[in-house]
Structures are given as C-alpha cells and as structure tokens.
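Notes for the one structure printed next.
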Amino acid sequence: MKTMPCRREEEVVAAVIRGNLDGILSEHVASCVSCRTAADVTSLLQRDHVGKEIDIRSSNMIWARATLLVRARRRRAQRLGLIVGILCGALAGYLTGLLVLPSGTKVSLDRTAVLLSHSLVLLSPTIVILAAVAVIVFWDSRAPAIRH
Amino acid sequence: MIDRSRFESIYRETSSKVTRYVGSVIGRSSQVEDITQEAYLRLLTSAPDRLSDRQLKSYLFTTATNIIRDLWRRGAVTGDWMPLDQENTTHAVSMGAVAEKVDVTKALESLSIMQRSLVWLAYAGGYSHREIAEITGIREKSAKVLLFRARQKFISRIRGDGALTERNS
C-alpha cells in the first residue's frame with residue numbers, strides 16, 4: 001500500500017508537541033496513516049532527548065569570545081580604513097602638487113594632460129591594492145572558527 | 001550585535017535544542033560542542049539586529065546546518081549528505097505501540113545527514129516545512145518529499161530493529 005504526505009501533518013505535529021492532540025484532529029489522525037505516523041515519530045523524538053547528556057558551554061564564555069571577535073574585526077576594519085586614508089591622502093597630495101607647482105596656480109592644457117595621465121597611472125594600482133585588501137578582509141571574516 | 005540580555009534569553013531557550021539537533025545530525029559528541037558554540041558565535045557576530053526572536057532561532061539552526069555542511073565538505077563529518085539512491089520507502093508503514101526502549105540514535109544514524117536534519121527539525125524541533133526549507137537551503141516542495149522519505153526510512157529502521165510493533169498487524 002502506498003501512502004502520501006497529508007496536508008494536515010504540520011498541524012498534527014504541532015498539536016503533539018503542544019500536548020493537545022484531541023477532538024477533530026485526533027479523529028483525523030486515527031483515520032490517516034500519514035498523520036498517524038507523523039504523530040508517532042513526533043512522540044518518539046520528543047521523548048527521546050538525543051544529545052541531552054552533552055554539557056554545553058556557558059553563555060558567558062560564548063559572549064566573551066564573541067566580544068573579542070567583534071573587537072578584532074573592528075580593529076581590522078580600522079586598519080583598512082587607515083590604509084585607504086593614507087593612500088587617498090598621498091594621491092590627493094601628489095595631484096595637488098602637480099596642479100600648483102612649479103607655475104603657481106596656472107593650469108595649462110599640457111599640465112592637465114600630464115595630470116590625467118599620472119592620475120590613471122596612480123589610480124590603477126591603487127584600485128587593485130584596495131580590491132585585494134577588501135577581498136582579504138572579506139575572506140577573513142567568513143573563515144570558520146572551527147578548524148580541523 | 002544583539003544585546004547581552006537578549007542573547008542570554010535566547011541561549012537559555014535554545015541551547016539544549018541546538019545541541020540536540022547537532023548531536024542528532026552528526027552523531028559525534030566531540031564536535032557537537034564546538035559546532036554549537038560556533039553557531040552562537042556567528043549569531044552574535046553576524047546576525048542582523050532587526051531579526052525577531054523566532055527568526056534568530058531559525059538563524060541558529062541554519063547556521064548550525066551550514067557549519068555541519070562545511071565540515072562535511074572538508075571530510076571532518078562523515079556520512080552521506082543526501083541518500084545515495086531513490087530508496088523505495090514510500091510504502092505505508094504504520095507504527096503502533098511505541099516500545100519504551102527504542103534506539104532512536106541508531107535509527108537516525110541509518111539516515112543521511114540531510115535526512116537526519118529534516119527529521120529532527122520537523123518532529124523534534126516542530127518547525128514547519130517552510131522553515132525547514134529555509135534552514136536547510138532547499139525548496140519547500142523538496143523538503144516535504146525528502147522529509148516524507150526520511151521519515152519512512154526512519155520508521156522502517158526502527159521496526160526492523162523490532163522495537164516497534166505494528167498496530168494493524
């Protein structure tokens with residue numbers, strides 16, 4: 001005999017867990033093989049506390065570890081911010097220097113072309129470095145703490 | 001990061017359940033503690049603050065499932081993730097008087113890791129099919145079908161051990 005899942009199974013399981021399988025639902029369970037099985041398995045697993053003997057660590061320890069992890073991540077993010085800031089500052093300084101030196105505040109077409117070409121030369125590796133740093137930080141934050 | 005009092009309340013309410021879930025799925029106590037702790041760590045360090053308590057609890061089970069999956073991929077957790085074949089276990093198996101001494105752990109071990117996860121979440125955790133689908137990362141329809149097959153295999157295994165007797169026999 002083949003059987004199919006019944007649409008009332010979730011309702012039955014919830015009632016068994018709450019301990020109030022009665023009335024119409026109880027009558028349904030008596031007449032539905034699928035729901036009866038679901039009710040039996042639920043009773044079995046509710047009664048059998050698999051893994052209950054395992055002593056779990058206290059919430060204080062987990063909280064302390066999480067706090068340390070969050071602080072470490074914050075420090076890493078601050079370092080990244082500092083590196084980005086230094087790079088941007090250096091770039092801005094260099095470009096400003098090109099604009100104002102050596103002919104005062106005048107900017108000629110030639111100078112603008114030089115400025116653009118220098119910007120491109122400088123920006124490309126900067127973007128690559130920033131992308132690499134971002135990838136490293138992202139990868140590091142995703143790495144699992146459990147290592148085997 | 002969620003505040004400490006909220007975390008402690010969630011921890012009190014869920015730690016036993018999460019530990020039992022992980023223990024049922026991997027069946028090896030040496031890793032259960034580490035996986036459980038890692039799930040809580042990720043809850044604290046990565047879960048968005050705006051989640052409700054119910055969502056945070058689902059997040060915990062999702063995280064624990066993901067950690068187990070990662071460990072399984074790296075060979076640190078043994079067993080098949082999904083059943084290797086389409087086992088013909090859709091025949092009706094009626095359970096009757098449930099014996100007092102049933103080796104549930106042994107019956108669970110006969111299932112694949114995903115099947116253990118589904119059976120536990122549905123019948124011990126009381127999660128709906130939709131929630132189970134979210135936690136395990138599969139579609140709701142697939143979750144229903146896989147859960148049904150897993151349940152039938154679980155029952156067959158228990159009956160095979162002679163721990164249960166058929167009501168209608």
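For the stretch B:107-117, residues that are surrounded by fewer than 20 Cβ atoms within 10 Å (Cβ to Cβ) and either among the charged types (D, E, K, R) or within 12 Å of chain A (Cβ to nearest Cβ) (or both) total 1. Reported count of residues in the stretch A:111-130, each being within 12 Å of A:G97 (Cα to Cα) and modelled with pLDDT under 70, is 1. For residues in the stretch B:11-54 being closer than 11 Å to A:I62 by Cβ and touching a residue at least 40 places away in the same chain (Cβ under 8 Å), which is nearest to the other protein chains (Cβ to nearest Cβ)? Among them, the one singled out is B:L44.
If you filter the stretch B:143-169 down to residues that are at pLDDT 70 or above and polar (S, T, N, Q), you find that the one that is most open to solvent (accessible area, probe 1.4 Å) is B:S156. Which count do you get for residues in the stretch B:118-142 that are more than 11 Å from every other protein chain (Cβ to nearest Cβ) and surrounded by 19 or more Cβ atoms within 10 Å (Cβ to Cβ)? Of the residues in that region, 4 qualify.
A count restricted to the stretch B:48-67 and to residues that are in contact with a Phe, Trp or Tyr (Cβ under 8 Å, 6 or more places away or on another chain) and open to solvent by 10 Å² or more (accessible area, probe 1.4 Å) stands at 2.
The values are calculated or read from the model by the stated rules, or taken from the named source; none is laboratory data. Owing to the predicted nature of the structure, the values given are computational and were not obtained by experimental measurement. For neighbour counting, all protein chains shown are included, and Cβ atoms are generated from backbone atoms with ideal geometry for every residue, glycine included. Quick note on the areas: whole protein, heavy atoms, side chains included, nothing else; ligands and nucleic acids left out. Shrake-Rupley method; radii C 1.70, N 1.55, O 1.52, S 1.80 Å.
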